[in-house]
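Undergrad: Dropping the structure in here first, questions after.
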Amino acid sequence: AFALEFLTYTIPSQEDLETKLEIPPLGVIPKGEKGVGLTEMLDNPRSPMMEAYASLRSAIQFATTQGAPSTLLVTSSGPAEGKTTTALALARNFARLGYSTLLLDADLRNPSFAMDEAESHGLSGLLTGASNLEDVIKPTSIPGLSPLEAGKVPPNPADLLADPALAEI
């Protein structure tokens, strides 16, 4: 039991996180309610999840003296850990505050956001030159929020993301 405990690198609690990394977390997001869809939770500003995301957004805004950074990257070490939900919730929160927000899905291997293959080349289309910004960025029902989907899955995602065209976009 001691060996298993010693070899386990998980961080099971907020207190353990603060102890091991010696930094406080920006926020803690609860798991979604069973039987309640993601859209329903994100549309309800009083849900525990959305209140936690609003708190996280505020923590991000006040983390530096310059306010919220112009770019945020949401990532994790494994699948199904809430990256897409977090990115979407934060984007919606910032847009509702009046920030012009571009939600970019740059996962060209396994895109997260819904896409109409017939209409959009998304980021992959921009990187290959098959599309322009006006074709792939569409406004949403939330003023100030525009998604840029990953687009069609290319045969060479790593090469496309390493291309200098990404910095231009």
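Undergrad: Kindly list the number of the only condition in (1) closer than 27 Å to L26 by Cβ; (2) out of contact with any strand residue (DSSP E or B) (no Cβ under 7 Å at 6 or more places or on another chain) that fails for F94.
TA: With respect to (1) closer than 27 Å to L26 by Cβ; (2) out of contact with any strand residue (DSSP E or B) (no Cβ under 7 Å at 6 or more places or on another chain), F94 is out only on (2).
Undergrad: Is the range 93-104 home to any residue that is at pLDDT below 85, touching a Lys or Arg at 6+ places or on another chain (Cβ under 8 Å) and surrounded by 15 or more Cβ atoms within 10 Å (Cβ to Cβ)?
TA: no
Undergrad: Which of the residues spanning the range 15-43 are within 22 Å of A89 (Cα to Cα), open to solvent by less than 80 Å² (accessible area, probe 1.4 Å) and not small (G, A, S)?
TA: Selection gives P25, I29, P30, V36, L38, M41, L42.
Undergrad: For the range 44-73, which residues satisfy the criterion of being within 14 Å of R92 (Cα to Cα) and either without any contact (Cβ under 8 Å) to a residue 12 or more places away in the chain or assigned to a loop (DSSP other than H, G, I, E, B) (or both)?
TA: The answer is N44, P45, E51, S58, L72.
Undergrad: Would you check which residues across the range 63-91 are of a type in the set (D, E, K, R) and touching a Ser or Thr at 6+ places or on another chain (Cβ under 8 Å) and list them?
TA: The one that is of a type in the set (D, E, K, R) and touching a Ser or Thr at 6+ places or on another chain (Cβ under 8 Å): K83.
Undergrad: Given the options S77, S100, name the one that is touching a strand residue (DSSP E or B) at 6+ places or on another chain (Cβ under 9 Å), of a type in the set (S, T, Y) and under 30 Å from R46 (Cα atoms).
TA: Of the residues listed, the single one that is touching a strand residue (DSSP E or B) at 6+ places or on another chain (Cβ under 9 Å), of a type in the set (S, T, Y) and under 30 Å from R46 (Cα atoms) is S100.
Undergrad: Of all residues being without any contact (Cβ under 8 Å) to a residue 40 or more places away in the chain and small (G, A, S) in the range 132-169, which is least open to solvent (accessible area, probe 1.4 Å)? Just the residue, please.
TA: A165
Undergrad: Being under 12 Å from the mean Cα position of the chain (by Cα), modelled with pLDDT under 90 and either surrounded by fewer than 14 Cβ atoms within 10 Å (Cβ to Cβ) or part of a helix (DSSP H, G or I) (or both) is the requirement here; does E5 meet it?
TA: On the way: under 12 Å from the mean Cα position of the chain (by Cα): no; modelled with pLDDT under 90: yes; either surrounded by fewer than 14 Cβ atoms within 10 Å (Cβ to Cβ) or part of a helix (DSSP H, G or I) (or both): yes.
It is false that E5 is under 12 Å from the mean Cα position of the chain (by Cα), modelled with pLDDT under 90 and either surrounded by fewer than 14 Cβ atoms within 10 Å (Cβ to Cβ) or part of a helix (DSSP H, G or I) (or both).
The values are calculated or read from the model by the stated rules, or taken from the named source; none is laboratory data. Since we're looking at a predicted model, the values are computed, not measured. Note that each Cβ is placed from the backbone with ideal geometry, even for glycine, and that neighbours are counted across all protein chains shown. Accessible surface areas use protein heavy atoms only, side chains included; no ligands, DNA or RNA. Shrake-Rupley method; radii C 1.70, N 1.55, O 1.52, S 1.80 Å.
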